[in-house]
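Computed from the coordinates by the stated procedures, all read-outs in this text should not be read as laboratory data. Predicted model only: the values in this text are computed from it and were never measured. All Cβ positions, glycine included, derive from the backbone under ideal geometry; neighbour counts span all protein chains shown.
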Amino acid sequence: MLGKFFVIGIVILLTACNTTTNATSINALQSEARADKDGGLYLEEIHKLTKPNTGSITLSDHSIVGEKSFRFELNHGDCGQEPGWSDCDNNRERAELYYQWKSKSSLERPGKEKWYRFYLFIPQDYNNIAPAKTSLIQWKGYKGNTDVLVMIQTHHGGLYFNHNGDTFNDQWWLLKNDQDMRGKWIEIVFNTNWHPDENKGYMKVWIDGKMKVDYKGIANTPNGKGFNLRYGIYSSYLNRYEEVTGNKTTPKRVVYYDGVRGDTSCKKVLKDKEKCNNLLSQTAFQKHVDVYSIK
């Protein structure tokens, strides 16, 4: 009898080790961010418009860096409210983490070089709700200008880098085709100097070591004084999904992030001089696309 209970206990333990944990507190999430050596970034909080007590942001054993990753799950009605704004009343659902920089001297400022690295995992059964918009990663102003600058989105046909319409002409560059973005960890490296001068600004994106975006031009608004990073799942314009599909209920969406890091140089972020040299030796000539023309 004792042996039977021992075997059952082992099975329960193994099962628990291969499931998503319920460690949703900000302290647990911050601890994991530090464990992944997040560089100059600081996980400040769970976005206030993330619906509380839903388990939408958890730690998972499914990881590529260390032992855990961040798992985000968004379901119909996962919308929050704060004074002066309601996602629920504005066709939005979200589960996002909100980052700042650890040092005030390293804040997102125009002309200051920044590097970021993300590992992103989109499951095979991920539900793309285009033509509604879904942001996975975004940079947004917070000092004197609260407009969105850029996003990485899922939309028709795949994963895109978006010059957001809040700040730029709304443009998308294809990063991964839909069939290639699912069921595997994707490494995203982003480099910019957030400069408002068209002769000095730039933005570069590499996917799995291959350059996909090599933009030179305005990379900020003249009054952009500071930005913050948010990532997770943020769906907006949900009415478009209902209009096209006839479904009044949005399906479950799940994504994972791991090894999120930011700093002031490629070497500080990637810890690999040879890899950085390889990235910086590349060029890309891909033109932006119109995602609304893709079916």
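Pulled fully out, how much extra length does the chain show between Leu280 and Arg34, if you take 0.36 nm times their separation in residues and subtract their Cα-Cα distance?
Here the answer is 85.8 nm.
Setting aside same-chain residues fewer than 8 positions from Lys216, which lysines have a Cα under 16 Å from its Cα?
Answer for Lys216, where 16 Å is the Cα cut-off: Lys112, Lys114, Lys200, Lys204, Lys287, listed by chain and number.
Quick one: which residues, 5+ away or cross-chain, put their amide H under 5 Å from the amide H of Ile129? H built at 1.01 Å from N.
none
Given an 8 Å cut-off on Cα distances and at least 6 residues of separation, report the relative contact order of the range 21-293 as a percent.
So the answer I get is 26 percent.
Once R0 is set to 30 Å, what does the formula 1/(1 + (r/R0)^6) return for the Cβ-Cβ distance between Asp89 and Asp170, expressed as a FRET efficiency to the nearest 0.05?
0.80
According to the square roots a ≥ b ≥ c of the eigenvalues of the Cα gyration tensor, what is the shape class of the range 144-271, taking rounded for a/c under 1.5, prolate for a/b larger than b/c otherwise, and oblate for the remainder? Walk me through the numbers on the way to the answer.
On the way: a/c = 1.91, a/b = 1.32, b/c = 1.45.
Because a/c hits 1.5 or more and a/b fails to exceed b/c, the range 144-271 counts as oblate.
Compute the Cα gyration tensor for the range 212-295, then decide on rounded, prolate or oblate, letting a ≥ b ≥ c be the square roots of its eigenvalues: rounded whenever a/c is under 1.5, prolate when a/b is larger than b/c in the other cases, and oblate in all that remain.
The shape class here is prolate.
I'm checking a number: the convex hull volume of the Cα atoms of the chain, normalised per residue, in Å³. What is it?
156 Å³
Can you list residues whose amide H is under 5 Å from Val213's amide H, if they're 5+ apart or on another chain and H is modeled 1.01 Å from N?
Val205
Amide H neighbours of Gly158 under 5 Å, at least 5 residues apart or on other chains, H built in the peptide plane: list them.
Correct list: Asp178.
Spelling out what I want: for every residue of the range 55-68, take phi, set θ = phi - 60°, compute 6.51 cos²θ - 1.76 cosθ + 1.60 (Karplus), and round to whole Hz; glycine and proline get x.
Those phi angles translate into x, 6, 10, 9, 9, 10, 6, 7, 9, 10, 10, x, 9, 10 Hz.
Each residue of the range 190-196 in order: what ³J(HN,Hα) in whole Hz does its phi give by Karplus 6.51 cos²θ - 1.76 cosθ + 1.60, θ = phi - 60°, with x for Gly and Pro?
Values, residue by residue: 10, 10, 8, 10, 6, 8, x Hz.
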